[in-house]
1. Would you mind giving the mean number of other chain beta-carbons within 10 Å of the Cβ of each residue in A:21-31, as a whole number?
2. Defining a contact as two alpha carbons under 8 Å apart and six or more residues distant in sequence, what relative contact order in percent does chain A show?
3. Quote the accessible area belonging to A:Leu21 in square angstrom, nearest 10, computed with a 1.4 Å probe and with ligands, DNA and RNA left uncounted.
4. Residue farthest toward the positive end of the dipole of the protein assembly as shown, with Cβ of Lys/Arg at +1 and Asp/Glu at -1: which of B:Val89, B:Ala51, B:Ala7?
5. In debye, nearest 20: dipole of region B:6-134 around its Cα centre with unit charges on the Cβ of K, R (+) and D, E (-)?
6. Calculate I(q)/I(0) for region A:6-134 by the Debye formula, one identical point scatterer on each C-alpha and no solvent, and give its log10 at q = 0.09, 0.10, 0.20 Å⁻¹ to two decimals.
7. Counting each pair of different Cα atoms once, what's the Kirkwood radius of the protein assembly as shown in Å, rounded to one decimal?
8. Mind listing which chymotrypsin sites (Phe, Trp or Tyr not before Pro) in region A:29-128 are in a DSSP loop and have 16 or fewer other Cβ atoms within 10 Å?
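The values are calculated or read from the model by the stated rules, or taken from the named source; none is laboratory data. Please read these numbers as outputs of a predicted model, since none were measured by experiment. Methodologically, a virtual Cβ is constructed for each residue, glycine included, from the backbone with ideal geometry; neighbour enumeration extends over all protein chains shown. Accessible surface areas use protein heavy atoms only, side chains included; no ligands, DNA or RNA. Shrake-Rupley method; radii C 1.70, N 1.55, O 1.52, S 1.80 Å.
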Number of protein chains: 2
Amino acid sequence: MTEVDQADRFARAREAQSVALIEDYVEMIGDLIAELGEARVADIAERMGVAQPTATKAVARLKREGFATSRPYRGVFLTEEGAALAERVRARHRTVVALLVAVGVPEEVAELDAEGIEHHVSEQSLKAFEQFLQGK
Amino acid sequence: MTEVDQADRFARAREAQSVALIEDYVEMIGDLIAELGEARVADIAERMGVAQPTATKAVARLKREGFATSRPYRGVFLTEEGAALAERVRARHRTVVALLVAVGVPEEVAELDAEGIEHHVSEQSLKAFEQFLQGK
DNA sequence: GATGATATATAGCCTATGCTATATTTAAAT
DNA sequence: ATTTAAATATAGCATAGGCTATATATCATC
């Protein structure tokens, strides 16, 4: 059977959390490139609300995991994989906000909560959300 | 105005995350006490899917923050504050699962996703969920 | 009441994310 | 071309959560 105990559920949530920061940074870098042509570490730090060395460290992780590229003292760019991830994250974010609004959550609150919720929404839930939104 | 920029949103999500583990442990300890009369560290560790020293460390944090009490080599208990938190968390969990199911997410998936989602659902969203569920 | 099994605690390590302070590089301005 | 300002990198520290290995305490049993 589909034996999924509580320990597995928590393990899943922990895993989702470890991916969450990557997703946030990748999406944000995508935004900055779209808006400004490039993503500077200083801008990333400001938008993420962290100190600049924290952003630098995050970028190092993104590079290590193949989502971004950069050269010292230069802007940050997304790999193909990074860009694809950014697009997926962006779409999921929109869907989550739309669903929250659809069930009566005020727009502003929906944006706030979605930032945390989205990372825990599985593909299956996302599909359900989309169908629900269509059938309205 | 209600000036809430993206950095604030991420800060909020980070804060929610730091509270999440506390909530999970407190809820689980509440469950164990309800089921078995007391919460042993070994049982907590098993259900959380972590090693026993990890659970011990978590309990130390709960004690430090006033949610639990325990004496060496004895079971763990909740303070009044801890019990109240456990009840709130449990209720929120039920509501989140119910909402997911209501918008078409399969029961099993809803349980899985709720474990991560619930910690990011604000009071306002929760209220909206409840109203939505009633109005069905 | 001594002994062996079980449960809990402690020590020590790792990784991730945050920070401040400071060095280094790039870019701008005189 | 120097000098200065701004951006980025690096060093070093803290906390949180995870782990394994091991010490210590409790409990059950003989």
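1. Values: counts 4, 0, 0, 5, 1, 0, 0, 2, 0, 0, 1.
Mean shielding by partner chains, rounded to a whole number: 1.
2. Details: 118 pairs, mean separation 30.7, N = 136.
That works out to 23 percent.
3. Accessible area of A:Leu21: about 80 Å².
4. Working it through, the farthest residue towards the positive pole turns out to be B:Ala51.
5. Values: 16 positive and 22 negative charges, 117 e Å.
Using Cβ point charges on Lys, Arg, Asp and Glu, region B:6-134 gives about 560 debye.
6. -0.29, -0.35, -1.17
7. It is 20.0 Å.
8. The qualifying sites are A:Tyr73.
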